[in-house]
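To start, the structure under review is shown below, and the notes come after it.
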Amino acid sequence: MDDAMLALAGIGLGIDSVEPGTLLVAVGPGASGKSTFAAETGIVTVVCLDSLRERIGGDAGDQAVTPAAVVEQNILLEKYLSEGTTLYLDSTNVEARVRAELVEQAHRHGRPAIALRFLPHLDTCRARNRTRPTNRRVPDDVLAWQHSLALAATPKALLSEGFTAAHDIVTPL
């Protein structure tokens, strides 16, 4: 069993045990392991903001197309939630206002929303960030800001935002 599956098993959350139609929301700074987790756990349906930016603007790191990518993300979320498809939202989601919109979308469709918080040490995120292609690197001050918001988004805080469940995902160094 790989590290990501062990992380799921450790919180009692296997892909097969997730209620169909669940919205799994990654919460974590850049380079915290969110995309790797999605790739390694066998999650079939992933909506990734970086992939949408690449599709729309030709560059996953082009922040100028983020508003258009978010519109596309929301269209896909509506589609999958209305169909009852379990999906993983692969983006930082460190801002409470962003998470509130996601929880509201899930609840509007009668779907559970589970927060998966990724919070390796900031130095680990910085080291991983340095290995990314230049266009995908997050500026250090932005990474620190994202990390501080993710740190404040404790499982207790996430539950108070309306998530059905909230779990810390421990990723390997």
- Relative contact order for the stretch 27-131: what is it in percent, counting Cα pairs under 8 Å that are at least 6 residues apart? 42 percent
- Task: Starting from 0 in steps of 5 Å, tell me what percent of the Cα-Cα pairs of the stretch 57-96 lands in each bin.
- Result: 5, 19, 24, 25, 18, 7, 1
- Task: Give me the Debye-computed log₁₀ of I(q)/I(0) at q = 0.13, 0.16, 0.21, 0.29 Å⁻¹ for the stretch 131-173, equal point scatterers on Cα only, no solvent, two decimals.
- Result: -0.43, -0.61, -0.84, -1.00
- Query: What is the order of 79, 156, 34, fewest Cβ neighbours within 10 Å to most?
  - Reply: 156, 79, 34
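Would you mind computing the Rg to Rh ratio of the stretch 71-147 from its alpha-carbon coordinates, Kirkwood style for Rh?
Looking at the stretch 71-147, the ratio lands at 1.05.
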- Query: Classify the stretch 25-103: rounded, prolate or oblate, from the alpha-carbon gyration tensor (a ≥ b ≥ c, eigenvalue square roots; a/c under 1.5 rounded; otherwise prolate if a/b is larger than b/c)?
  - Reply: rounded
- Task: For n ≥ 4 DSSP H runs only, could you compute -39500 (n - 2.57) per run for the chain, divide by its residues and tell me the 222 nm figure to the nearest 500?
- Result: -14500 deg cm²/dmol
- Taking the Cα centre of the stretch 29-173 as origin, work out the dipole magnitude from +1 charges on Lys and Arg Cβ and -1 charges on Asp and Glu Cβ, in debye rounded to 20. 200 debye
- By what distance, in whole Å, do the Cα atoms of the chain stretch along each of the three principal axes, largest value first? 39, 34, 30
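Bear in mind that the values in this text are calculations on the coordinates, not laboratory data. Everything quoted here is computed from the prediction, not taken from an experiment. Using ideal geometry, Cβ is built from the backbone for each residue, glycine included, and neighbour counts are taken over all protein chains shown.
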